[in-house]
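The values are calculated or read from the model by the stated rules, or taken from the named source; none is laboratory data. None of the values given here were measured: they were computed from a predicted structure. A quick note on method: Cβ atoms are made from the backbone with ideal geometry, for glycine too, and the neighbour counts reach across all protein chains shown. Note: areas computed on protein heavy atoms with side chains; ligands, DNA, RNA excluded. Shrake-Rupley method; radii C 1.70, N 1.55, O 1.52, S 1.80 Å.
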Amino acid sequence: MEFVDSCGPIPSVQETERPAPVPWCAAGRQKAVEAGSAALADLTTMGVGGPIAELVVADTEEQIIDTVQAADAAEQPLLVVGGGSNIVAGDEPFEGVVLIDDRRGITVPDESACGGATVSVVGGHPWDDFVCEAVSRGWAGAEAMSGIPGSVGAAPVQNIGAYGAEAADILALVTVWDRARSVRRVLPLADLKLGYRTSVLKRSLTDPEAGGGRTWGPTGRYVVLEVQFQMQHATRSAPIRYGQLAGHLGVEVGDRVPAIRLREAVLELRRSKGMVLDPADPDSVSAGSFFTNPIMSAEQAKTLPEEAPRFAVQDHSLISPVSGQGPTVEGLVKSSAAWLIDHAGVAKGSVAPGSNGRAAISSKHVLALTNRGGATGADIARLSEYVRDQVRKTYGVNLVPEPVAVGVDL
């Protein structure tokens, strides 16, 4: 079977014009740029959120820093938006500054046969465009994360991941604007304190220690300006770690396949779950996976049914440069949020009892909450609460929503 990259042949960004805006945000962003203002519903993949007081579309690092400094000096709320794929916003006006990082750009500070490729990407660059570039250039390690929506700047904040791969596997350092110190800083991998879908960047939203003595929100203490990756030269993928992906490819876990073949397999699986953003697919009007997989003590895991999935938990602050994985954390177990939701009686396509039905579980995957048309932030919040209540009542597990909540309680 012949596999063709869905992005098409992608030459170096340094040698081409800037890519067109990602399709699911293009209309909303164009409207925002032309009008000088918009609603958060226009700028997010979930399509919910009230009007905003001030909009800035930045295409230089200097403009980003100046906007952040001005907002902080005026004590205005600040929301930095990349792809808008991990935000659920409330319906009331956002009385602050919304800053869109509209930059694109990939540079290669170093590329050697032995050391691999050092690749620097600006924060606003669409993540999947970067993955596409990596596959076309023979930079291995990102291919299993194909199709993840959003921007490169969000990758270290969430430590994004899919199909057994995580951003932590290839991250080297992150350049940020530190709002607490009002200074541009470079944070090496060890300082990011990466964990499962978290980092010191994300924890600064709610943890005063990470926030330099206070909490920040809805954008954290650190505004990501640029991300540097260290990637191996290879036309074959990294070893496959995820059973479903291996099965789809007809290979064994641990095998390697051509990176382009793995990318296409990942995109096929994601599309089957409504997890590739597509204006023609109503199930993709979402924030992607809405809940993180719960991490619990080994003792609590014993209370789950025997057939419930159980996975080892890795310490991502101690990633091995050889294996690309961290050591196992003893005494902790990760289960599957999707399995718990499904077996707690929340079916695909279901809605919260008594709701208007404008927010519904995806018809393809129970882990996605979708806007079926005209949903509000309150509708999404109500559905989120219903799902969490069902899992808590059935298994005693508290699911944690993954999206950033802006003016809404998830």
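Checking the condition under 24 Å from GLY195 (Cα atoms) and outside the structural domain of THR44 (by the TED database), which residue from SER355, SER362, SER384 passes?
SER384 is the lone residue from the list that is under 24 Å from GLY195 (Cα atoms) and outside the structural domain of THR44 (by the TED database).
Limited to region 62-79, what total is found for residues that are open to solvent by less than 40 Å² (accessible area, probe 1.4 Å) and farther than 11 Å from LEU99 by Cα?
Going through region 62-79 one residue at a time, the tally reaches 0.
For region 271-315, which positions are touching a helix residue (DSSP H, G or I) at 6+ places or on another chain (Cβ under 9 Å), in a strand (DSSP E or B) and within 18 Å of LEU367 (Cβ to Cβ)?
Passing the criteria: ALA287, SER289, PHE291.
Please tell me if ALA301 is over 25 Å from CYS132 (Cβ atoms), without any contact (Cβ under 8 Å) to a residue 40 or more places away in the chain, open to solvent by less than 10 Å² (accessible area, probe 1.4 Å) and not assigned by the TED database to the domain that holds ASP169.
yes
Report yes if some residue within region 271-292 is on the phi < 0 side of the Ramachandran plot, buried (at least 20 other Cβ atoms within 10 Å of the Cβ) and of a type in the set (Phe, Trp, Tyr); otherwise report no.
Yes: one or more hits.
Give the residues of region 152-176 that are over 17 Å from ILE106 (Cβ atoms) and not hydroxyl-bearing (Ser, Thr, Tyr), sorted by residue number.
VAL157, GLN158, ASN159, ILE160, GLY161, ALA162, GLY164, ALA165, GLU166, ALA168, ASP169, VAL176
If you go through region 169-187 one residue at a time, do you hit one that is within 19 Å of LEU262 (Cβ to Cβ) and not assigned by the TED database to the domain that holds VAL88?
Yes, region 169-187 contains a residue that is within 19 Å of LEU262 (Cβ to Cβ) and not assigned by the TED database to the domain that holds VAL88.
Looking for whichever is in a helix (DSSP H, G or I), of a type in the set (Asp, Glu) and open to solvent by 50 Å² or more (accessible area, probe 1.4 Å) here; the options are GLU252, GLU209, GLU226, GLU268. Which one fits?
GLU268
Return the residues of region 128-154 that are over 21 Å from PRO239 (Cα atoms) and at pLDDT 95 or above; say none if nothing qualifies.
Once the filter is applied, which keeps residues that are over 21 Å from PRO239 (Cα atoms) and at pLDDT 95 or above, region 128-154 yields ASP129, SER151, VAL152, GLY153, ALA154.
In this structure, is PRO239 open to solvent by 50 Å² or more (accessible area, probe 1.4 Å), outside any helix (DSSP H, G or I) and closer than 25 Å to GLU268 by Cβ?
yes
Search region 83-117 for residues being assigned to a strand (DSSP E or B) and of a type in the set (Ser, Thr, Tyr), and hand back the single one that is surrounded by the fewest Cβ atoms within 10 Å (Cβ to Cβ).
The selected residue is SER112.
Can you tell me which residue in region 173-191 is nearest to PRO218 (Cα to Cα), limited to those that are crowded, with 18+ Cβ neighbours inside 10 Å and in contact (Cβ under 8 Å) with a residue 60 or more places away in the chain?
Looking at residues that are crowded, with 18+ Cβ neighbours inside 10 Å and in contact (Cβ under 8 Å) with a residue 60 or more places away in the chain, I get ARG179.
Can you give me the number of residues within region 289-318 that are more than 18 Å from ASN398 (Cα to Cα), of a type outside the set (Asp, Glu) and in contact with a Gly (Cβ under 8 Å, 6 or more places away or on another chain)?
Adding up the residues that qualify gives 4.
On the given criteria, is GLY195 buried (at least 22 other Cβ atoms within 10 Å of the Cβ) and touching a residue at least 12 places away in the same chain (Cβ under 8 Å)?
Considered against the rule, which asks whether it is buried (at least 22 other Cβ atoms within 10 Å of the Cβ) and touching a residue at least 12 places away in the same chain (Cβ under 8 Å), GLY195 comes out as no.
Could you list all residues from region 369-397 that are open to solvent by less than 20 Å² (accessible area, probe 1.4 Å) and without any contact (Cβ under 8 Å) to a residue 60 or more places away in the chain?
LEU383, VAL391
If a residue has to be touching a helix residue (DSSP H, G or I) at 6+ places or on another chain (Cβ under 7 Å) and not small (Gly, Ala, Ser) to count, how many in region 101-120 make the cut?
So the answer is 4.
Taking the condition more than 25 Å from LEU277 (Cβ to Cβ) and aliphatic (A, V, I, L, M), does VAL400 pass?
The answer is no for VAL400.
Can you name the residue in region 52-82 that is outside any helix (DSSP H, G or I) and free of Cβ contacts under 8 Å to residues at least 24 places away in the same chain and, of all such residues, is nearest to SER384 (Cα to Cα)?
Filtering first and then ranking leaves GLN76.
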